[in-house]
Amino acid sequence: MLITVADLRLDPVEFDEHFSVDAIDYGPDIRQVGVLDAKGRADLIEEHRGHKQVVPDIRMRGDYSARFEMPCARCVEAVEHQLEASFDLLYRPIGVDATGAERAISTSETEIGYYNGDGLVLEDVLREQVLLSLPEKALCRADCKGLCPGCGRNLNTEQCSCASTEADPRWSALSDLRSKIKS
């Protein structure tokens, strides 16, 4: 759903959208399970900068909810996450803040996003919010044993018959240090 500045000049845009599983691409490791529901409003905020410069900012407020699956960081089994969150975001036209000189930005400026062209795509906003809300790494359970480095078996569900591997000789200095600390 494209939300354009031209539409927002007339009236705020209300949205109540339901996105199917394949409507938004989250990358290869994250999968949406079921429908993503998003409801909210987009407003135009005209920022006056001097006598003749007006910057058309878009303020997006809303809520979304959906279930997602991502692989466990140790055993790569699917881990499900239920997300229900709100957002209140400000987007500005790309390039409007660009100046020739480098400058430090304030904390409030780190919260500003940028849109390209005539408006903003709601799916892009939701993709960004979902990716920021999901954990960087997920575990199926706290005591996940992971995969065997030799044969690749999931050690949570089956035993491995691989021989224990010899320690890399480059780590021997650390094991010697451990024995010295204990004594």
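The values are calculated or read from the model by the stated rules, or taken from the named source; none is laboratory data. Not measured: the values here are computed from a predicted model. Using ideal geometry, Cβ is built from the backbone for each residue, glycine included, and neighbour counts are taken over all protein chains shown.
Evaluate the following for Gly34: is it out of contact with any Phe, Trp or Tyr (no Cβ under 9 Å at 6 or more places or on another chain) and assigned to a strand (DSSP E or B)? Yes: the conditions hold for Gly34. Filter the range 1-51 down to residues that are among the charged types (D, E, K, R), within 21 Å of Tyr115 (Cβ to Cβ) and without any contact (Cβ under 8 Å) to a residue 60 or more places away in the chain, then give me how many there are. Residues in the range 1-51 being among the charged types (D, E, K, R), within 21 Å of Tyr115 (Cβ to Cβ) and without any contact (Cβ under 8 Å) to a residue 60 or more places away in the chain: 9 in total.
Ile112 passes all but one of (1) loosely packed, with under 13 Cβ neighbours inside 10 Å; (2) touching a Lys or Arg at 6+ places or on another chain (Cβ under 8 Å); (3) at pLDDT below 95; which number fails? Of the numbered conditions (1) loosely packed, with under 13 Cβ neighbours inside 10 Å; (2) touching a Lys or Arg at 6+ places or on another chain (Cβ under 8 Å); (3) at pLDDT below 95, the odd one out for Ile112 is (1). Of the numbered criteria (1) under 30 Å from Gly146 (Cα atoms); (2) exposed (fewer than 13 other Cβ atoms within 10 Å of the Cβ); (3) among the small types (Gly, Ala, Ser), the one Gly95 fails is (1). Once the range 131-157 is narrowed to residues that are exposed (fewer than 10 other Cβ atoms within 10 Å of the Cβ) and of a type in the set (D, E, K, R), the residue that is farthest from Arg74 (Cα to Cα) is Glu136. Cβ separations smaller than 6 Å between residues 6+ apart or across chains give the following pairs from the range 71-99 residues that are under 30 Å from Val5 (Cβ atoms) to residues that are not in a strand (DSSP E or B): Leu83/Ser133; Ala85/Ser133; Phe87/Gln129; Ile94/Asn116.
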